[in-house]
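Input: a single structure, listed below in structure tokens.
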Amino acid sequence: QVQLVESGGGLVQAGGSLRLSCAASGRTFSSYTMGWFRQAPGKEREFVAAISRDGGSTYYKDSVKGRFTIARHNAKNTLYLQMNSLKPEDTAVYYCAAKAGVLLLGAYTYWGQGTQVTVSS
């Protein structure tokens with residue numbers, strides 16, 4: 001099992017940048033595939049990005065490609081999401097998630113509490 005806690009959310013103007021962090025408990029962080037999801041008010045939760053256990057492979061939602069970068073520092077049990085060129089439509093609660101196995105997509109088992117990202121016009 002793993003406990004996930006997101007941080008780094010806040011208010012930023014369109015075109016600005018923000019970096020989210022996800023701190024994971026336990027000593028087996030490197031055994032999990034990790035991902036970021038987001039949910040805007042009145043919308044369903046959607047996939048944003050995923051990263052393999054060793055950080056060697058990543059996958060992004062098309063709308064964030066070139067703007068967002070997912071990364072992990074396994075020695076610190078931490079997952080990151082660097083968000084650049086933010087747009088108002090990026091406004092959402094962002095969730096860190098973890099799953100067993102090597103597939104980047106599919107069902108994620110563990111979830112954080114979420115951190116609010118608000119992008120103003």
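The values are calculated or read from the model by the stated rules, or taken from the named source; none is laboratory data. All values reported here derive from a predicted model rather than from experimental measurement. Every residue, glycine as well, gets a Cβ built from its backbone with ideal geometry; the counts of neighbours run over all protein chains shown. Just so you know, the surface numbers come from the protein's heavy atoms only, side chains and all, with ligands and any DNA or RNA stripped out. Shrake-Rupley method; radii C 1.70, N 1.55, O 1.52, S 1.80 Å.
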**Prompt:** Working out 0.36 nm times the residue gap between A14 and T28, then minus their Cα-Cα distance, what length gain in nm do you get to one decimal?
**Reply:** 1.4 nm
**Relative contact order (%) - segment 7-74, alpha-carbon pairs under 8 angstrom, separation at least six** = 21 percent
**Request:** Would you list, by chain and number, the aspartates and glutamates whose Cα falls below 16 Å from the Cα of K76, excluding same-chain residues fewer than 8 positions away?
**Result:** E6, D54
**Prompt:** Under a plain spin-label model, where a point goes 7 Å from the Cα along Cα-to-Cβ, how far apart in nm are N74 and T109?
**Reply:** 1.8 nm
**Message:** What number do you get for the chain when its Cα radius of gyration is normalised by 2.2 N^0.38 Å, N = residues?
**Reply:** 0.98
**Complete:** Computed from the beta carbon distance with a Förster radius of 22 Å, FRET efficiency for V102 and Q82 to the nearest 0.05 stands at 0.40
**Prompt:** V5 to S121: extension gain in nm, 0.36 nm per residue of separation minus the Cα-Cα distance?
**Reply:** 38.9 nm
**Complete:** Output for segment 62-121: trypsin sites (Lys or Arg not before Pro) sitting in coil per DSSP, at most 16 other Cβ within 10 Å, listed by number, reads K65, R67
**Accessible area in square angstrom per residue, the chain, 1.4 angstrom probe** = 52 Å²
**Item:** Dipole moment magnitude, nearest 20 debye, segment 1-77 about Cα centre, only Lys, Arg, Asp, Glu C-beta charged
**Value:** 100 debye
**Request:** Towards the positive end of the charge dipole of the chain, with charges on Cβ (+1 Lys, Arg; -1 Asp, Glu), say which of T109, P41, V93 has the farthest Cα.
**Result:** T109
**Asked** For L79, what charge total do you get from the other residues with a beta carbon under 12 Å from its beta carbon, if Lys and Arg give +1 and Asp and Glu give -1?
**Response** +3
**Message:** What value in Å³ per residue do you get for the convex hull of the alpha-carbon atoms in segment 66-121?
**Reply:** 115 Å³
**Mean Cα-pair separation over length for the chain, i.e. relative contact order, pairs under 8 Å, 6 or more apart, %** = 36 percent
**Asked** In segment 1-94, which GluC sites (Glu not before Pro) are in a loop and have at most 15 other Cβ atoms within 10 Å, using DSSP for the loop call?
**Response** E44
**Prompt:** Can you give the convex hull volume of the alpha carbon atoms of segment 1-52 per residue, in Å³?
**Reply:** 114 Å³
